[in-house]
Amino acid sequence: MVLETDRLYLREMNQGDMEALCRILKDPEVMYAYEGAFTDEEVQEWLDRQIARYQKWGFGLWAVILKETDELIGQCGLTMQPWQDREVLEIGYLFCRQYWHRGYATEAARGCKKYAFEELGADEVCSIIRDTNTASQNVAVRNGMVKKDCWTKHYRGVDMPHDRYVVTRTD
């Protein structure tokens, strides 16, 4: 286990999580900000990328486990992401649709913010969110973040404006 909140614990993902990840990443509604659902191959690449991040940095997106049922309900964690001309430490989150609007994303994101500041010694952490993703923007705001700047990313053949929400250790 990497970290724990009142209702959740976060741990590193492994190959045994593939089926649960498919429920998230192959759901077109969950993945609308990514321009559609992933294929099996893209889900495997996603999982492989998280495992490589654990090895490289000691963090990545982690499996979010609901304590009450021991079920993987989403993923939330810290990654290094390109932003304009540099890399930034980001809190990212994706949850199974059936667990939306219950506060789990905010709870997990707050745990990740605390981890970034207390365990990694970060001075700043952000969430990079597509400009049309109001639900994720609301999670960032509830996590104490404010919109700082914008940048257009090119992904899956589409120009996607993104906003960067930021919180610093002193905020």
Extension gain, residue 118 back to residue 48 (0.36 nm per residue minus Cα-Cα distance, nm): 22.5 nm
Percent carbon-and-sulfur accessible area, the chain, ignoring ligands, DNA and RNA, probe 1.4 Å: 47
Calculated over the chain: convex hull of Cα atoms, volume per residue (Å³): 114
Lys/Arg +1, Asp/Glu -1 at C-beta; the chain dipole; positive extreme among 43, 105, 31: 105
Sequence-separation-based contact order of the range 12-145, relative, with Cα cut under 8 Å and 6+ spacing, percent: 19
Sparsely packed trypsin sites (Lys or Arg not before Pro) within the range 1-51, loop by DSSP, other Cβ within 10 Å at most 13: none
Residues of type lysines that residue 113 reaches as a straight line, Cα spacing below 18 Å, ignoring anything fewer than 8 places off in the same chain: 147, 148
Three principal axis lengths of the range 97-141 [C-alpha, angstrom, descending]: 32, 22, 14
Within straight-line cross-link reach of residue 114, aspartates and glutamates at Cα separation under 16 Å, skipping those fewer than 8 residues along the same chain: 4, 6, 90, 123, 124, 171
Two-site label geometry, residue 56 and residue 4: point separation in nm, points 7 Å out along Cα→Cβ: 3.1
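Rounded to the nearest 500, what is the chain's calculated 222 nm mean residue ellipticity when only DSSP H runs of at least 4 contribute -39500 (n - 2.57) each, over all residues?
For the chain, the value works out to -9000 deg cm²/dmol.
The values are calculated or read from the model by the stated rules, or taken from the named source; none is laboratory data. Just so it is clear, the model here is predicted, and its values are computed rather than measured. FYI the Cβ positions are ideal-geometry reconstructions off the backbone, even for glycines, and counts take in every protein chain you see. Ligands, DNA and RNA are excluded from the accessible area calculation, which covers all protein heavy atoms including side chains. Shrake-Rupley method; radii C 1.70, N 1.55, O 1.52, S 1.80 Å.
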